[in-house]
Amino acid sequence: MSLQIPVKIQKLVQYLESENEISEKDLLNSIKCLDITISDVGDYLSFNHSINESYGRSVIYESSKVEVVVMSWNRGDYTSIHDHGYAQWGAVYAFGNLLNSYFKIENNTLKKLSETILEKGEIAIIDNSSIHQMGNPYNKPAISLHVYYTNKNVKSVTGEARNFDLYSDTVYKANGGAFLDIPDKDVVSKEKCPKFNNKVYESYIKILQQYLNKHSYNNLSGRLKTYAYA
Ligand SMILES: [Fe+2]
């Protein structure tokens, strides 16, 4: 059964679908003026997400131009380190505090740029070059609304997003969510990871280990199983 698209999201989608080009400011303003609340997206919460997904991800709307997703974050839920595929712009509206770390690739090396708290009510803007990792290290569960836009007429706005798995030293280009354990069905291609220093590796592994500790290793599918038993 497909859920109804919330009225405020319908309004946002109509606007984004009708524009041939939007700026960072247009996207920011269009979300600000929605005055969105948790009850608007209440049907899309997914705190009971599958253990193979490292956070809850519910797609409200997707087309060749616009993608709107609600994420549900239990304590310890994190994304991979990822970019956003074909999206030109993205915006994350936080209904609760989330940790947001930005990275960049310079001289074929993945470097951490910053680690900030995306506070309740704030909007983080993402562009086509953004690489980040989001998660919830806090005691309170959190929810966020993610909106992505492109006018490149693609199959999937965030399709072929790069997920940097430092454990296997591999970049997985994948469709679907930016999970810590990308399911094989979502992987489009693989390539070698850029270099990274020990500090970046250790903080990634700490998050990965926390994710593994939360679950029964027997239930893990895919490549992380080898890590769990290593
Ligand atoms: Fe992201």
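Within the bounds of the stretch 107-114, is there any residue that is exposed (fewer than 15 other Cβ atoms within 10 Å of the Cβ), aliphatic (A, V, I, L, M) and within 15 Å of the ligand (Cβ to nearest atom)? Give the derivation first.
So in the stretch 107-114, the residues exposed (fewer than 15 other Cβ atoms within 10 Å of the Cβ) come out as 107-109, 113-114.
With aliphatic (A, V, I, L, M) added as a condition, the list becomes 113.
Now restrict to residues that are within 15 Å of the ligand (Cβ to nearest atom): 113.
Yes, the stretch 107-114 contains at least one residue that is exposed (fewer than 15 other Cβ atoms within 10 Å of the Cβ), aliphatic (A, V, I, L, M) and within 15 Å of the ligand (Cβ to nearest atom).
Per-residue answers, yes or no, for (1) over 22 Å from Pro6 (Cα atoms); (2) modelled with pLDDT of 95 or more; (3) in contact with a strand residue (DSSP E or B) (Cβ under 9 Å, 6 or more places away or on another chain):
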| residue | (1), (2), (3) |
| --- | --- |
| His84 | yes, yes, yes |
| Ala94 | no, yes, yes |
| Asn107 | yes, yes, yes |
| Leu118 | yes, yes, yes |
| Ala124 | no, yes, yes |
| Ile131 | yes, yes, yes |
| Val154 | yes, no, no |
| Thr158 | no, yes, yes |
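For the structure I just gave you, tell me whether Ser144 is under 19 Å from the mean Cα position of the chain (by Cα), within 16 Å of the ligand (Cβ to nearest atom) and modelled with pLDDT of 95 or more.
Here the answer is yes, as Ser144 does meet what is asked.
Kindly establish whether Ser189 is away from the ligand (no atom under 12 Å from the Cβ), more than 19 Å from Tyr61 (Cα to Cα) and among the polar types (S, T, N, Q). Step through it out loud before you land on a result.
On the way: away from the ligand (no atom under 12 Å from the Cβ): yes; more than 19 Å from Tyr61 (Cα to Cα): yes; among the polar types (S, T, N, Q): yes.
Criteria met by Ser189.
Can you go through Val70, Val59 and tell me which one is modelled with pLDDT of 95 or more, within 16 Å of the ligand (Cβ to nearest atom), farther than 19 Å from Leu118 by Cβ and among the β-branched types (Val, Ile, Thr)? Even if it seems obvious, please write down each step before you answer.
Values: Val70 fails: farther than 19 Å from Leu118 by Cβ.
Selected residue: Val59, the only one of Val70, Val59 that is modelled with pLDDT of 95 or more, within 16 Å of the ligand (Cβ to nearest atom), farther than 19 Å from Leu118 by Cβ and among the β-branched types (Val, Ile, Thr).
Go through the stretch 73-102 and give me each residue that's away from the ligand (no atom under 11 Å from the Cβ), of a type in the set (A, V, I, L, M, F, W, C) and either free of Cβ contacts under 8 Å to residues at least 12 places away in the same chain or under 18 Å from Asn128 (Cβ atoms) (or both).
Hit for the stretch 73-102 is Trp89, nothing else.
Before we move on, is Ile105 over 14 Å from the mean Cα position of the chain (by Cα) and farther than 22 Å from Tyr138 by Cβ? First the steps, then the outcome.
Numbers: over 14 Å from the mean Cα position of the chain (by Cα): yes; farther than 22 Å from Tyr138 by Cβ: yes.
So Ile105 fits the description; yes.
Name the residue, out of Ile31, Ile9, Ile51, that is under 30 Å from Leu208 (Cβ atoms) and surrounded by 12 or more Cβ atoms within 10 Å (Cβ to Cβ).
Details: Ile31 fails: under 30 Å from Leu208 (Cβ atoms); Ile9 fails: under 30 Å from Leu208 (Cβ atoms).
Residue meeting the stated conditions: Ile51.
Quick one: Glu191 ticks every box in (1) at pLDDT 95 or above; (2) outside any strand (DSSP E or B); (3) farther than 24 Å from Ser50 by Cβ; (4) not aromatic (Phe, Trp, Tyr) bar one, so which box is it?
All conditions are met except number (2).
Got a number for residues in the stretch 122-132 being within 12 Å of the ligand (Cβ to nearest atom), in contact with a Leu (Cβ under 8 Å, 6 or more places away or on another chain) and in contact (Cβ under 8 Å) with a residue 60 or more places away in the chain?
1
The values are calculated or read from the model by the stated rules, or taken from the named source; none is laboratory data. This is a predicted model, so every value here is computed, not measured. Quick reminder, even Gly has a Cβ in these numbers, built from the backbone with ideal geometry, and neighbours come from all protein chains shown.
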